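One structure below.
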Amino acid sequence: MGTISLKNISKSFGSTQVLNNLNVDINDGEFLTLVGPSGCGKSTLLRIIAGLEQQTSGDVLIDNKNVNRVRASERDLAMVFQSYALYPHLTVRRNLETPLRLRDYNAFERLPLIGNFSPSKKEKTESINQLVNKTSETLKISELLDRKPGQLSGGQRQRVALGRAMVREPVAFLMDEPLSNLDAALRVHMRSELSELHNSLKTTFVYVTHDQAEALTMSSRMAVMIDGNLLQLDTPEEVYDNPSSLSVAQFVGSPKINIFKGTSDSGGTVGFLNVNLKRKSSESNTDLHIGIRPEHLEITNESNENTFSGTVAYRENLGSDIFFHVNIEDGSNKIIVRGLPQFTHQISNGSSVNIKRVSDKALLFNQAGMRVQFTNA
Amino acid sequence: MHNSKAHIWFIAPAIILMIIILIFPLFLAGGISFTDYNLGNKTFEWVGLENYDKMFNRKTYVKMIWATATYVIVVVPISVVLGLCAAMLINSLRFGADIYKTIFFLPVMATLLAMAIAWEFTLHPTLGIVNSFLANGCGGVREFILGFHWLPWVDSQESWYAAACANNMDFPYWLKQKNTAIWTVCFIGIWQAFGFNMVLYLAGLTSIPRELYQAAEMDGAKSTWEQFKLVTWPMLGPTTLFVVTITTIRTFQVFDTIEILTKGGPSKTTYVMMYAIFEKAIQQNLTSIGAAITVVFIGFILVLTFFQRYVIEKRVHY
């Protein structure tokens with residue numbers, strides 16, 4: 001079992017409030033990502049779960065047991081740190097053995113030399129060796145066991161750090177931006193490895209990242225945190241397609257969602273620039289933000305009441321996609337439009353383009369930044 | 001690039017200076033140590049190893065080596081361990097750390113000469129504050145604590161403190177007594193040295209990443225001792241190596257306190273090498289034997305440095 005519940009967690013450092021009354025329930029075997037911009041308190045929340053930091057108020061429950069007063073070493077969690085925090089003076093093998101030695105051997109057996117006289121030590125050493133070998137085979141680091149962390153590359157250290165967390169079969173894994181020190185290609189590769197690892201271990205993972213792409217690709221559910229508040233906790237698909245607020249919509253998705261200023265009239269018809277949406281807003285007679293993701297806009301040759309025009313300011317070619325940064329004609333907006341290379345390769349910086357929407361994809365937000373639904377009618 | 005001679009011009013001043021003020025005198029001292037030359041003499045005779053033979057067979061020089069060894073072996077470990085303990089205690093303080101840092105570091109900054117004179121007064125057998133403090137404590141808590149009466153096997157009538165109280169306040173003469181002088185000098189040496197070690201260890205402690213302690217905590221290192229063993233001590237390895245080397249070399253060089261407080265006495269129990277070189281070569285004008293002691297002294301330092309460089313260094317850098 002590995003359920004973790006956070007109830008009304010608040011944390012302040014002096015007069016600075018970093019976490020505001022958070023409630024999260026993490027299911028057994030789930031891959032939950034805490035994602036948010038830097039400084040949003042996600043690492044602090046992870047450290048509160050770990051027990052390395054004490055919450056100002058609220059409860060942490062692991063497997064339905066309140067662990068507020070249980071120290072980190074007794075919560076039976078394993079953590080992978082951003083800097084890996086491997087013991088630099090120990091070989092990889094000893095690094096992997098450390099959590100087992102500290103827990104399995106008693107104080108007498110840990111003594112140098114005389115500890116070896118303990119009758120049960122040999123058996124324990126045997127089982128520790130087996131566990132270390134098993135883990136290093138899983139992570140493909142068997143040939144590195146005799147090296148020291150200083151002799152390893154970033155990716156290998158990452159694996160060793162994972163291994164040190166894995167050998168012990170903890171209730172849950174806590175990971176604090178474990179991939180942020182790797183180069184881009186390795187990071188993408190490790191994403192899939194972590195997902196596979198999660199699938200095979202079936203243990204609870206709590207994963208902190210500032211990278212929304214990691215959150216979208218790996219997690220079973222993601223918790224979006226901004227400024228110490230939990231804004232949305234849902235599956236990646238739901239968070240992306242159906243964000244609860246403007247901040248979430250802007251944070252998740254790359255490139256960023258395009259935001260237009262618009263209004264709804266008394267009938268709920270939403271208009272922005274020269275365009276009216278087909279669907280009606282549930283809030284009438286108000287100013288609104290209309291969010292449309294870059295992939296839901298298209299460059300077109302048509303010019304009618306459903307299109308608007310602008311000038312390409314910058315063309316960003318990613319190979320598989322081309323993103324056009326377009327200045328809208330009235331000068332109020334700068335938006336990003338995705339184009340497929342085969343249709344748009346001839347468009348260059350400075351050309352005028354017409355843009356149309358993919359229907360039924362716009363998202364509405366009110367002035368407070370909260371989501372506004374369309375009426376079903 | 002290989003044809004350019006510019007590099008010679010860049011390093012020549014340093015090399016020439018080094019030869020003039022370091023290497024040449026060293027060889028000169030080495031040469032003189034095999035002669036009977038004294039400063040002012042017009043001629044000299046080669047005497048081979050006679051000076052060295054004296055050093056290892058005459059009682060004075062055996063005592064010299066004994067005193068130096070005692071001083072180094074006592075002062076180095078104690079001042080290093082004390083420095084480490086003080087640094088860790090100060091590091092764990094939330095406030096007030098600066099006050100303690102200043103207090104412990106003052107002896108390092110102060111002129112040792114002036115401090116030695118202050119100690120001379122403090123330890124004066126009749127006028128000194130130490131012995132009057134002890135005398136006033138007869139029969140009281142001080143006697144209980146310093147006389148070790150709290151140890152179960154110490155008889156409160158027989159302890160050194162009780163004996164001194166009973167015998168007309170016959171407390172040790174500290175610097176004037178054969179069995180206490182070297183230990184008193186060691187004590188002053190420790191008092192003077194550990195502040196510096198503390199500062200070095202404080203610097204070493206701040207460079208240990210906090211995440212390592214957290215990793216140790218997550219791995220199940222619950223007690224402070226476990227965390228010390230797993231993280232602090234290994235991570236301080238390079239600092240310890242440096243601290244031990246520096247302290248050893250500095251304790252070998254002890255001179256000021258000896259010159260002020262004991263002049264090598266009583267009966268040569270505090271006759272350390274540096275003082276012996278000074279006494280023989282400068283005061284008694286026996287240049288050749290002074291040179292021989294110097295060579296042995298340099299030998300010790302060299303052996304230590306090589307040991308540090310080639311044996312221990314490999315184990316503390318990861």
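By the count of other C-beta atoms within 10 Å, a proxy for reagent exposure, B:L202, B:L89 are ordered fewest to most as B:L89, B:L202.
The residue among A:G36, A:P178, A:T263 whose Cα reaches farthest toward the positive pole of the charge dipole of chain A, with charges on the beta-carbon of Lys, Arg, Asp and Glu, is A:P178. Counting trypsin sites (Lys or Arg not before Pro) as exposed when in a DSSP loop with at most 16 other beta carbons within 10 Å, what is the longest stretch of chain A free of them? Longest stretch, sites excluded: A:257-360. Taking the Kirkwood radius as Rh and the Cα radius of gyration as Rg, chain A has a ratio of Rg/Rh equal to 1.09. Charges on Cβ only, +1 for Lys and Arg, -1 for Asp and Glu, centred on the Cα centroid of the protein assembly as shown; of A:F117, A:V337, A:T311, which one is farthest towards the dipole's positive end? Of the candidates, A:F117 comes out farthest on the positive side. Once Lys and Arg get +1 and Asp and Glu get -1 on their Cβ, which of B:L93, A:Q158, B:A215 lies farthest toward the positive end of the dipole of the protein assembly as shown? In the protein assembly as shown, that residue is B:L93.
Of B:I260, B:I20, the sequence from fewest to most neighbouring Cβ atoms within 10 angstrom is B:I20, B:I260. Size of segment A:139-271: Rg and Dmax of its alpha carbons, in Å, are 19.3, 74. Share of pairwise Cα-Cα distances greater than 18 Å in segment A:256-372 is 49 percent (whole percent). Cross-link reach is defined here as a Cα-Cα straight distance under 23 Å, omitting same-chain residues fewer than 8 places apart; for A:K361 the lysines meeting it are A:K256, A:K261, A:K278, A:K280, A:K334.
Pairs with C-alpha atoms separated by more than 21 Å, drawn from the list A:K148/B:K314; A:K202/B:K222; A:K122/A:K202; A:K42/B:K222; B:K59/B:K268, are A:K202/B:K222; A:K122/A:K202; A:K42/B:K222. Dipole check for chain B: with +1 at the C-beta of Lys and Arg, -1 at the C-beta of Asp and Glu, and the Cα centre as origin, the magnitude is about 520 Debye. Relative to the globular-protein estimate of 2.2 N^0.38 Å, the Cα radius of gyration of segment B:63-196 stands at 1.22.
Taking the Cα centre of the protein assembly as shown as reference, the dipole from Cβ charges on Lys and Arg (+1) and Asp and Glu (-1) amounts to some 1560 debye.
Among the trypsin sites (Lys or Arg not before Pro) in segment B:48-94, which ones are in a DSSP loop with at most 11 other Cβ atoms within 10 Å of the Cβ? Mind listing them?
Passing sites in segment B:48-94 are B:R94.
Dimensions of the protein assembly as shown based on its C-alpha atoms, expressed as ranges along the principal axes with the largest first, amount to 115, 78, 52 Å. About the centre of its Cα atoms, segment A:22-83 shows a dipole size close to 260 debye [charges on the beta carbon of Lys, Arg (+1) and Asp, Glu (-1) only; nearest 20 debye].
Divide, for segment B:129-168, the radius of gyration over alpha carbons by 2.2 N^0.38 Å, where N is the residue count.
That ratio works out to 1.06.
Dividing the convex hull volume of the alpha carbon atoms of segment B:60-104 by its residue count gives 49 Å³ per residue.
Once R0 is set to 30 Å, what does the formula 1/(1 + (r/R0)^6) return for the Cβ-Cβ distance between B:Q177 and B:T111, expressed as a FRET efficiency to the nearest 0.05? The pair B:Q177/B:T111 has a calculated efficiency of 0.65.
Return an integer: the convex hull volume of the alpha-carbon atoms of chain B, in Å³ per residue.
234
Values in this text are rule-based calculations from the coordinates and carry no lab data. Since this is a predicted model, take the numbers as computed values, not measurements. Heads up, the Cβs are rebuilt from the backbone with ideal geometry, glycines too, and the neighbour counts pull from every protein chain shown.
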